[in-house]
1. Run the 1.4 Å probe and let me know the accessible area of residue 23, rounded to the nearest 10 Å².
2. Pull up all non-local amide H partners of residue 132: gap of 5 or more, or a different chain, and H-to-H distance under 5 Å with H placed in the peptide plane.
3. D for region 29-89, whole µm²/s, Stokes-Einstein with Kirkwood Rh over alpha-carbon pairs at 25 °C and 0.890 mPa s: what number?
4. Chymotrypsin sites (Phe, Trp or Tyr not before Pro), restricted to region 39-112: which are DSSP loop and have at most 16 other Cβ atoms within 10 Å?
Amino acid sequence: MSEVPSSYPSSVADNTMIASTPTYEYYGFVIYLVSLAAFIVYLLWAYLPDEALEAVGITYYPDRYWAVALPAWWMMAIAFILLFNFAMNMYNTPLLSSPDNITDPYSNLSEDMAEANTFYYEKVGGIPPVCDIPISLVNECLYQ
């Protein structure tokens, strides 16, 4: 029988180590239960008549208008956020005819493009220096 190295705690050798569960799993379960209870209370408030709520002792509650208005407002807010995000992305994207689609101030172009061509054709399998490949070389490789 092999021995457990002395650097391990004795609990590993005795096979009595208990796996501890992280607390965030408990938090997630509690949040799930609270959100489920809140949704059930919302449905009861939205669908039960006033007499049923008053019979239970609930006399002060918001108008039923909010049972329809809040979900509608949330849905419109989500739709607006998605549309605004799409519009901002389209606004910030350069035109297809723009040279910024090929190169920009952050491009890392190679100093010697002849060296890049020589590397590609003669030393295939090697690792080139880290740089952006110019569009002319990409087109040459793709369309020949």
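The values are calculated or read from the model by the stated rules, or taken from the named source; none is laboratory data. Just so it is clear, the structure is predicted and the values come from calculations on it, not from any experiment. As a convention, Cβ positions derive from the backbone with ideal geometry for all residues, glycine included, and neighbour counts pool all protein chains shown. Just so you know, the surface numbers come from the protein's heavy atoms only, side chains and all, with ligands and any DNA or RNA stripped out. Shrake-Rupley method; radii C 1.70, N 1.55, O 1.52, S 1.80 Å.
1. Surface open to solvent at residue 23 totals about 80 Å².
2. Here the answer is 108, 109, 110, since their amide H atoms fall under 5 Å of that of residue 132.
3. In µm²/s, the coefficient rounds to 175.
4. Sites meeting the loop and neighbour criteria: 60, 106.
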